[in-house]
Amino acid sequence: MQTEPTIPEPVITPRLRRPRPKVVSLTDRAAERVREIMDRAEQPYAGLRVGVKNGGCAGQEYILEYAETAAALDEVVEDKGVRILIDPKAVLFLIGSEIDYETTRLSSKFVFRNPNETDACGCGESVTIIPALPDAD
């Protein structure tokens with residue numbers, strides 16, 4: 001009786017995943033201001049919700065609001081003691097963004113520095129953002 005030669009099973013080595021970059025980061029000033037606001041909030045919150053919505057003269061607006069709970073698919077970013085929750089639909093629009101807090105003689109506000117922004121309106125309240133492209137590798 002003749003037996004067929006056995007073919008060894010290929011060895012598959014799992015590819016190491018590179019660390020995922022943070023979708024957004026905070027400057028020290030922004031983190032300090034968010035912590036101050038959260039400390040004075042009327043109730044404890046799960047974090048700061050950051051997102052993008054359609055609106056304004058340039059087409060889109062940034063959203064900053066209290067997050068009572070984290071949704072199952074939220075992207076969670078911990079930065080400088082602040083928990084940031086991002087709706088999965090906003091992730092590609094926000095990748096690489098830095099949130100700062102600026103104070104001038106006439107106003108105080110959070111400012112987004114977003115590499116995906118292609119245009120902004122004159123009032124500074126709305127922007128045009130293109131989704132980030134996936135890496136080529």
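Where a number appears in this text, it was derived from the coordinates with a stated rule and is not lab data. What you see is a predicted model, and the numbers here were worked out from it, not measured in a lab. Using ideal geometry, Cβ is built from the backbone for each residue, glycine included, and neighbour counts are taken over all protein chains shown.
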0 to 90° range, to nearest 10: angle between helix 28-39 axis and the chain longest Cα axis: 80
Linear extension gain, Val11 paired with Cys57, 0.36 nm per residue minus alpha-carbon span: 11.0 nm
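Sort Ile7, Ile95, Ile63 so the one with the fewest other Cβ atoms within 10 Å of its own Cβ comes first.
Least crowded to most crowded, the residues run Ile7, Ile63, Ile95.
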Rough spin-label spacing in nm, given labels placed 7 Å along Cα→Cβ, for Arg35 and Leu73: 3.3
Segment Thr128-Glu42, length gained on full extension (0.36 nm per residue, minus Cα span): 27.6 nm
The chain: relative contact order in percent, alpha carbon pairs under 8 Å with at least 6 residues between: 25
Rounded to whole Å, sorted largest first: equivalent-ellipsoid semi-axes of segment 24-129, Cα gyration tensor: 21, 18, 12
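Figure the gain on full extension for Arg105 and Leu92 (residue separation times 0.36 nm, minus the Cα-Cα span) and round it to one decimal in nm. Could the numbers behind the result be given before it?
Numbers: separation 13, 0.36 × 13 = 4.68 nm, distance 3.39 nm.
That pair, Arg105 and Leu92, stretches by 1.3 nm at full extension.
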